1. Here are some values of mean projected area of the Cα convex hull in nm²: (i) 6.1; (ii) 7.7; (iii) 8.2. Which one was computed from this structure?
2. With θ set to phi - 60°, apply the Karplus curve 6.51 cos²θ - 1.76 cosθ + 1.60 along the stretch 67-84 and write out the HN-Hα couplings as whole Hz, x wherever there is a Gly or Pro.
3. Roughly how many percent of the accessible protein surface of the chain is carbon and sulfur, given a 1.4 Å probe and a whole-percent answer?
4. Rounded to the nearest 500 deg cm²/dmol, what is the calculated helix-only ellipticity per residue at 222 nm for the chain, with -39500 (n - 2.57) per DSSP H run of length n ≥ 4?
5. Could you report the stretch 3-74's accessible area per residue, 1.4 Å probe, as an integer in Å²?
6. Quote the FRET efficiency, to the nearest 0.05, computed for Y9 versus T86 with a Förster distance R0 of 30 Å and r equal to the Cβ-Cβ distance.
7. What does the accessible area of V66 come to, in Å² to the nearest 10, when a probe of 1.4 Å is used?
8. Identify the chymotrypsin sites (Phe, Trp or Tyr not before Pro) of the stretch 1-92 meeting these criteria: DSSP loop state and at most 10 other C-beta atoms within 10 Å of the C-beta.
Amino acid sequence: MRSKISQTYQAHAYRFAVISRFFAAIVGGYTFTAVFTALLSIILPLKKSDAVLLSISLTILVYSSVFIWVFTVKSLNKIWITILLTTSGCALILSLLKGWL
């Protein structure tokens, strides 16, 4: 009986970990990429139109790199903390540069 409960718990824990990784990769990766792209388009020393085009072009590389990175790191806590801190840091720098704060 105890082993059956343990197997069920492990199966649910594994499913939760996979769902959490997909959520981190899709939603967290998208949010980080959006904020990073906005910041990059501001700080690039190019004409505004060229900076926006270059940063949007790099979006595919950044998003796919974050997606792959989420599935290579072992710790779920490390994934979430890194995504939240980097997104918050980029958003803070962006808001300071745009004068929102």
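The values are calculated or read from the model by the stated rules, or taken from the named source; none is laboratory data. Values in this document were obtained by computation on a predicted structure and should not be read as measured data. Please note: Cβ atoms are built from the backbone with ideal geometry, for glycine as well, and neighbour counts cover all protein chains shown. Heads up: the accessible areas ignore ligands, DNA and RNA and are worked out on the full protein's heavy atoms, side chains in. Shrake-Rupley method; radii C 1.70, N 1.55, O 1.52, S 1.80 Å.
1. (ii)
2. Whole-Hz 3J(HN,Hα) from phi for the stretch 67-84: 4, 5, 4, 4, 8, 9, 7, 7, 8, 5, 4, 5, 4, 5, 5, 5, 5, 5.
3. 73 percent
4. Value at 222 nm, helices only: -29000 deg cm²/dmol.
5. Ligands and nucleic acids excluded, the figure is 69 Å² per residue.
6. 0.40
7. Roll a 1.4 Å probe over it and V66 shows about 20 Å².
8. For chymotrypsin sites (Phe, Trp or Tyr not before Pro) across the stretch 1-92 that sit outside H, G, I, E and B with at most 10 neighbouring Cβ atoms in 10 Å, the list is empty.
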